[in-house]
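Before any comments, here is the structure.
The values are calculated or read from the model by the stated rules, or taken from the named source; none is laboratory data. Predicted model only: the values in this text are computed from it and were never measured. Cβ sites come from the backbone with ideal geometry, for glycine too, and all protein chains shown count toward neighbours. When the accessible area is computed, the model is the full protein with side chains, heavy atoms only, and any ligands, DNA or RNA have been set aside. Shrake-Rupley method; radii C 1.70, N 1.55, O 1.52, S 1.80 Å.
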Amino acid sequence: MTPRSDARPARAIVSDVRPRVEDGRYDAKTVVGDAVEVSADAFADGHDLLRVEIHYRKVGARGWRTEPMSALVNDRWVGSFTPSDCGRYEFNVTARIDYFASWARDLTVRIGAGQDVSIELLVGAELVRPAANRAKRADHNRLATVADDLTAGQVPSPDQLADESLAALVARHSGGTPTTSPTYRVRAERVRARFSTWYELFPRSTSPRRGQHGTFADVTKRLGYLDELGIDVLYLPPIHPIGTTARKGRNGATKAKSADIGSPWAIGLPAGGHTAIHPQLGALSDLSELIDAAAGRGIEIALDLAFQCSPDHPWVTEHPEWFKHRPDGSIRYAENPPKRYEDIYPIDFETDNWRELWEALRDVVKFWIGHGIKVFRVDNPHTKAFGFWEWLIPTIQADDGDVIFLAEAFTRPRVMQWLAKIGFTQSYTYFTWRTAKWELEQYLAELTTTDVADYFRPNFWPNTPDILTEQLQHGNRQTFMTRALLAGTLAASYGVYGPVFELCVRAPRSEGSEEYLDSEKYQLGQLDLSDKVSIAPFLRQLNTIRHQQAALQHNATLAFHYVDNDQLMVYSKTAAGVAASDADRSAVLVIANLDSTHAQSGWVDLDLGKLGISPADPYVVHDLLNDAHYEWKGSRNFVILDPATRPGHIFRIEPGTSGATEPARAASPAKKKARR
């Protein structure tokens with residue numbers, strides 16, 4: 001067969017570049033300041049050495065930047081680059097035969113064997129001279145000097161032969177075309193996309209007067225409490241006018257009484273829809289005051305993005321073509337047979353007028369961005385067209401890269417993952433129902449060690465207004481603390497629906513139901529924040545630790561360790577690759593008791609290499625929950641945990657001995673906020 005091109009084929013092969021999402025169709029995810037680890041297979045025929053590099057740039061930039069890659073095993077190479085600001089970055093991997101490094105390696109062996117290398121020096125000069133001719137200024141001078149020395153028969157020293165900077169310089173100016181992989185993309189977002197503590201709150205339940213509808217002003221007054229808890233994102237369910245047609249009553253009753261206030265997710269009255277505010281909550285100016293007051297405490301307000309309408313929504317009369325109609329001409333309400341939601345009309349994303357519809361929904365998002373909202377929790381995105389989200393999210397982020405979208409999609413794994421691939425910043429997960437040690441470890445391994453980690457950012461929630469799990473229903477106060485401990489240390493982002501969570505509310509609407517009794521979805525739910533059952537002090541402590549310890553602010557280094565008791569979980573995180581901050585960068589080791597009723601004990605066998613600990617050196621584990629210090633040595637150590645005392649340990653790994661370690665004091669909430 002005759003070659004089809006006059007160009008000589010390159011010898012190097014590059015394949016299986018990571019991260020890549022759907023072979024480059026979608027962006028992988030990172031945040032500004034975090035190292036993006038790139039890996040690839042790279043190899044060639046024969047025994048010559050390769051030079052493998054990452055080339056990257058922000059999309060739209062003119063020049064490419066280069067970072068070297070290092071060989072691992074079996075022809076796998078790894079390197080990294082670090083985005084400096086928000087936006088999309090593109091990168092590829094190049095590989096070429098490194099003739100100079102191969103020559104230097106062989107020359108070192110020849111010299112060691114006592115062979116005559118005079119001809120080999122001339123071979124080296126022939127490799128360096130063309131590179132010197134292509135280079136300019138300082139590079140030219142250095143390379144020309146090396147070429148002259150080799151031509152003159154001067155044998156390089158071992159240090160010169162091992163000088164990577166010289167080999168890189170020769171390669172940079174050697175010419176020739178390397179083998180280049182396809183180009184892939186990564187979206188860099190702000191740090192809150194990776195690390196955040198969420199709290200869901202119904203504004204209408206915040207009035208200090210029982211039975212009175214709460215307002216934005218009441219929420220503003222509660223910010224001090226939320227600040228003490230260490231909340232980053234305060235998520236508000238829909239704040240819009242609530243329809244009256246087929247309004248749901250208390251506990252979801254299909255027949256509402258005159259005093260019933262309805263579900264916030266039944267959005268819209270003739271006076272306004274998705275850009276209007278429920279009049280009993282206040283005015284737009286009151287919301288602005290809340291947003292500003294929250295920002296002053298380091299808290300962002302997130303709004304629910306629920307693209308559905310009550311039968312009274314203005315769109316129903318203005319754009320009936322945006323809804324599905326039954327043969328009798330009536331609009332089809334929402335159903336999940338046998339459940340029926342007559343108070344909600346789903347939007348028809350297959351309408352012939354889809355362009356007009358999509359633009360109207362985009363304008364809703366832009367309206368709230370214009371009023372200071374940069375975080376959205378999206379209700380049931382899996383029931384809307386994938387193509388819509390694939391268009392909307394990049395469109396919004398092209399104008400404002402700070403906008404965050406959380407996908408509330410408790411659905412099939414592939415659907416959840418696809419939503420993340422097409423742009424959602426964070427995603428709800430199955431953590432809510434994962435309770436056994438084996439299933440938690442298996443699930444976290446999927447989220448952190450497979451290619452899912454390239455695009456899927458988990459946000460762990462122990463409860464939501466829709467989900468009161470069986471474990472919480474039949475648990476106790478310690479159960480709630482354990483679930484918070486797991487959520488807040490296994491995942492960099494987690495949230496709770498409060499104040500029912502911290503007050504350990506666990507009464508279901510009926511046996512076998514995950515619905516709360518007297519759910520806030522249908523009525524006011526005013527609770528006493530000062531109730532002694534509250535685990536707010538524990539949440540405050542947990543969130544303070546999360547903000548102090550950089551290792552807990554990402555998921556990439558999560559590692560599980562062996563313990564001979566299935567009621568105990570042991571795992572660690574380190575701060576490798578996390579954007580620099582003033583947070584403590586020590587390794588963190590967590591030991592959790594999954595039994596909220598009985599004390600559990602066991603022998604822990606740590607993988608010391610993952611913690612950066614030498615087997616020969618003693619070390620201190622400093623429990624950040626109670627400021628206790630324990631001196632350990634080696635991998636095997638004994639632990640015992642009584643849930644009546646604490647749900648677990650959060651150990652900071654410290655070098656030295658306990659006698660040389662001063663007890664550390666937890667930072668005050670005010671100091672913690674200053675470090676966000």
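Could you say whether any residue in segment 593-610 is in contact with a Pro (Cβ under 7 Å, 6 or more places away or on another chain), open to solvent by less than 10 Å² (accessible area, probe 1.4 Å), outside any strand (DSSP E or B) and hydroxyl-bearing (Ser, Thr, Tyr)? No; the residues of segment 593-610 include none that is in contact with a Pro (Cβ under 7 Å, 6 or more places away or on another chain), open to solvent by less than 10 Å² (accessible area, probe 1.4 Å), outside any strand (DSSP E or B) and hydroxyl-bearing (Ser, Thr, Tyr).
Evaluated against (1) open to solvent by 20 Å² or more (accessible area, probe 1.4 Å); (2) at pLDDT 95 or above; (3) of a type in the set (Asp, Glu); (4) touching a helix residue (DSSP H, G or I) at 6+ places or on another chain (Cβ under 9 Å), ASP564 falls short on exactly one condition, (4). Taking first residues from segment 28-51 that are touching a residue at least 60 places away in the same chain (Cβ under 8 Å) and partners that are open to solvent by 60 Å² or more (accessible area, probe 1.4 Å) and of a type in the set (Gly, Ala, Ser), the Cβ contacts under 7 Å between residues at least 6 apart in sequence or on separate chains come to VAL32/SER84; GLY33/ALA580. Residues that are in a helix (DSSP H, G or I) and charged (D, E, K, R) were ranked within segment 112-147; the one that is farthest from the chain's Cα centre (by Cα) is GLU120. Determine, yes or no, whether ASP116 is more than 27 Å from ALA12 (Cβ to Cβ) and either open to solvent by less than 70 Å² (accessible area, probe 1.4 Å) or not aromatic (Phe, Trp, Tyr) (or both). So ASP116 passes the test.
Residues are listed down the side, and each one gets a yes or a no for (1) out of contact with any helix residue (DSSP H, G or I) (no Cβ under 8 Å at 6 or more places or on another chain); (2) open to solvent by 20 Å² or more (accessible area, probe 1.4 Å):
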residue: PRO203; (1), (2): no, no
residue: ARG210; (1), (2): yes, yes
residue: THR220; (1), (2): no, yes
residue: THR244; (1), (2): yes, yes
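The set of residues from segment 548-565 being hydrophobic (A, V, I, L, M, F, W, C), part of a loop (DSSP other than H, G, I, E, B) and under 21 Å from LEU641 (Cβ atoms) comprises just one member, LEU558. Residues in segment 278-319 that are open to solvent by less than 20 Å² (accessible area, probe 1.4 Å) and either on the phi > 0 side of the Ramachandran plot or assigned to a loop (DSSP other than H, G, I, E, B) (or both): LEU281, ILE299, ALA306, PHE307, SER310, HIS313. Here GLY329 does not qualify as open to solvent by 20 Å² or more (accessible area, probe 1.4 Å) and under 18 Å from PRO237 (Cβ atoms). Of all residues in segment 352-377, those that are within 18 Å of TRP391 (Cβ to Cβ) have Cβ atoms under 6 Å from Cβ atoms of residues that are open to solvent by 60 Å² or more (accessible area, probe 1.4 Å) and not in a loop (DSSP other than H, G, I, E, B), 6 or more apart or on another chain, in ASN353/GLU321. Might you let me know whether segment 103-111 holds any residue that is part of a strand (DSSP E or B), free of Cβ contacts under 8 Å to residues at least 60 places away in the same chain and either open to solvent by less than 10 Å² (accessible area, probe 1.4 Å) or out of contact with any strand residue (DSSP E or B) (no Cβ under 7 Å at 6 or more places or on another chain) (or both)? Checked against the condition, which is being part of a strand (DSSP E or B), free of Cβ contacts under 8 Å to residues at least 60 places away in the same chain and either open to solvent by less than 10 Å² (accessible area, probe 1.4 Å) or out of contact with any strand residue (DSSP E or B) (no Cβ under 7 Å at 6 or more places or on another chain) (or both), segment 103-111 yields no hits at all.
Outside any loop (DSSP other than H, G, I, E, B), under 27 Å from ILE535 (Cβ atoms) and under 34 Å from the mean Cα position of the chain (by Cα): does that describe LEU226?
It is true that LEU226 is outside any loop (DSSP other than H, G, I, E, B), under 27 Å from ILE535 (Cβ atoms) and under 34 Å from the mean Cα position of the chain (by Cα).
Among residues of segment 611-631 being out of contact with any Asp or Glu (no Cβ under 8 Å at 6 or more places or on another chain) and farther than 25 Å from ALA556 by Cβ, the one that is most open to solvent (accessible area, probe 1.4 Å) is GLU631.
Report yes if GLN523 is over 22 Å from the mean Cα position of the chain (by Cα) and assigned to a helix (DSSP H, G or I), otherwise no. Break it down stepwise before answering.
On the way: over 22 Å from the mean Cα position of the chain (by Cα): yes; assigned to a helix (DSSP H, G or I): no.
Taking the combined requirement at face value, the residue does not satisfy it.
Just so you know, in segment 251-268 the residues that are within 13 Å of LEU524 (Cβ to Cβ) and either free of Cβ contacts under 8 Å to residues at least 24 places away in the same chain or among the charged types (D, E, K, R) (or both) include one that is least open to solvent (accessible area, probe 1.4 Å), and it is ASP260. Considering the conditions (1) within 28 Å of THR450 (Cβ to Cβ); (2) touching a Lys or Arg at 6+ places or on another chain (Cβ under 6 Å), ASP564 is excluded by exactly one of them, (2).
Condition check ((1) out of contact with any Phe, Trp or Tyr (no Cβ under 7 Å at 6 or more places or on another chain); (2) open to solvent by 10 Å² or more (accessible area, probe 1.4 Å); (3) polar (S, T, N, Q)) across all residues:
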site	(1), (2), (3)
ARG377	no, no, no
PHE388	no, no, no
ILE393	no, no, no
THR411	yes, yes, yes
GLY423	no, yes, no
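Taken over segment 611-646, residues that are touching a strand residue (DSSP E or B) at 6+ places or on another chain (Cβ under 8 Å) and either in a strand (DSSP E or B) or hydrophobic (A, V, I, L, M, F, W, C) (or both) amount to 22. Applying the set (1) over 30 Å from ILE422 (Cβ atoms); (2) open to solvent by less than 70 Å² (accessible area, probe 1.4 Å) to PHE91 leaves exactly one unmet item: (1).
Among the residues of segment 154-183, those identified as modelled with pLDDT of 90 or more, in a loop (DSSP other than H, G, I, E, B) and within 38 Å of the chain's Cα centre (by Cα) are PRO178, SER181, PRO182, THR183.
Can you find even one residue in segment 433-452 that is free of Cβ contacts under 8 Å to residues at least 60 places away in the same chain, touching a Leu at 6+ places or on another chain (Cβ under 6 Å) and crowded, with 18+ Cβ neighbours inside 10 Å? The answer is yes, given that some residue of segment 433-452 is free of Cβ contacts under 8 Å to residues at least 60 places away in the same chain, touching a Leu at 6+ places or on another chain (Cβ under 6 Å) and crowded, with 18+ Cβ neighbours inside 10 Å. Pairs are defined by a Cβ separation below 6 Å, a sequence spacing of at least 6 or placement on different chains, a first member in segment 174-185 that is under 14 Å from ASN92 (Cα atoms), and a second member that is among the acidic types (Asp, Glu); the pairs so defined are THR183/GLU90; ARG185/ASP27; ARG185/GLU90. Only one of the numbered conditions (1) touching a residue at least 24 places away in the same chain (Cβ under 8 Å); (2) within 29 Å of ALA188 (Cβ to Cβ); (3) surrounded by fewer than 24 Cβ atoms within 10 Å (Cβ to Cβ) is violated by ASN476, and that is (2).
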